[in-house]
Amino acid sequence: MLQLPKVIGHRGAMAYAPENTLDSFREAHRRGAAWVEIDVKLTADGVPIVMHDSSLKRTTGVDRLASEVRASELPSSVPTFEQAIACFGELGLGCNVEIKPCEGREAETARVTVETLRRVWPAALPAPLLSSFKDSSLVAAREAAPEFARALLIDEIKDDWRTRAEAVSAAGINTNGKRLTAVRAVEIRKAGYVLSVYTINDGDVARALVGMGVQCVISDAPDVILAALQ
């Protein structure tokens, strides 16, 4: 059974530190988060790194695609997935690992992600949750490492949500908290899925969502949401 904390820090604690960096993970931990959410994609030479966008430009100023840069060419602010995992081990942080593939590398990114987790994820930490907007990535993850729980990322819940969730053997649904309706929340919970929402930074909104049945809130400001839900 998938067990998640009430609050997960989004890309670390990106309200306070640069997203998807070791500093951001440490900041999330300092502010009380037990878990963080990160994005994993591959470099040109197949090394998994923690990066949200296809391009490095927004977060590092380097105007190149992640898929065209070798790991040795990365700016020092971009951690490899292994460096991030080592940081989680040091801090005792759990992790929602979003598989965020570059176009055409959906299955490959999933396989490399789970191979890395199998090899270096610390036994002392809670088992990670894999999530993705790409159904094909979750299928590849299930085939390569069925032991890791999966959550389907859906921006807006439509009528086909359950068919999609069943096709990837998801344990959870992660959805846009600003678009979630009470009817859909009840539907998801009744069907036995763990329901998480992103990216909620307002305490009142978080409380309302939890009142609708949401079990986990992903936030840029995990301390604000933790305080609101106490």
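The values are calculated or read from the model by the stated rules, or taken from the named source; none is laboratory data. What you see is a predicted model; the values in this text were computed from it and never measured. When we count neighbours, we look across all protein chains shown, and the Cβ atoms used for this are built from the backbone with ideal geometry, even at glycine. With ligands, DNA and RNA removed, areas are computed over all heavy atoms of the protein, side chains included. Shrake-Rupley method; radii C 1.70, N 1.55, O 1.52, S 1.80 Å.
Points worth noting:
- Given charges at Cβ of Lys, Arg, Asp, Glu: segment 170-230 dipole, positive-most of I188, Q230, V214: I188
- Pairs beyond 24 Å (Cα-Cα), from K6/K178; K41/K190; K158/K178; K100/K178: K41/K190
- FRET efficiency estimate (nearest 0.05) - Cβ-Cβ, E68 to R207, R0 45 angstrom: 0.55
- With each label modelled as a point 7 angstrom along the Cα→C-beta vector, the R164-K57 pair spans 2.8 nm.
- What you get for segment 32-92, charging only the Cβ of Lys and Arg (+1) and of Asp and Glu (-1), is a dipole of about 140 debye around the Cα centre.
- Which of T80, L2, H52, positive extreme of dipole for segment 1-114 (C-beta unit charges): L2
- Test item: Cα-centred dipole of segment 1-135, Lys/Arg +1 and Asp/Glu -1 on Cβ, debye: 300 debye
- Structure remark: mean-square fluctuation, Gaussian network model of the chain, C-alpha springs under 10 Å; the largest value among S55, S72, S132 belongs to S72.
- Spin-label model distance (nm) - E103 vs F133, 7 Å beyond Cα toward Cβ: 1.4 nm
- Surface accessible to a 1.4 Å probe, per residue, for the residues of the chain, Å²: 43 Å²
- Fully extending the segment from K178 to E156 would add 7.0 nm, taking 0.36 nm per residue of separation and subtracting the current Cα-Cα distance.
- Carbon/sulfur fraction of accessible area - segment 1-44, other protein chains in place, 1.4 Å, %: 50 percent
- As a rough guide to protection, the peptides 146-156, 175-185 ranked by mean Cβ packing within 10 Å, highest first, stand as 146-156, 175-185.
- Rounded to the nearest 20, the Cβ-based charge dipole of the chain about its Cα centre (Lys and Arg +1, Asp and Glu -1) stands at 460 debye.
- Placing unit charges on the Cβ atoms of the charged side chains and taking the dipole of the chain about its Cα centre, the candidate lying farthest along the positive direction among N20, Y198, C102 is Y198.
- Counted residue by residue at 0.36 nm each, then reduced by the alpha carbon distance between them, the extension gain from Q230 to M1 reaches 80.0 nm.
- Just the protein heavy atoms count here, and of the accessible area of segment 142-222 at 1.4 Å, carbon and sulfur take up 50 percent.
- Fluctuation leader among L209, L65, L138 - the chain, Gaussian network, Cα springs under 10 angstrom: L65
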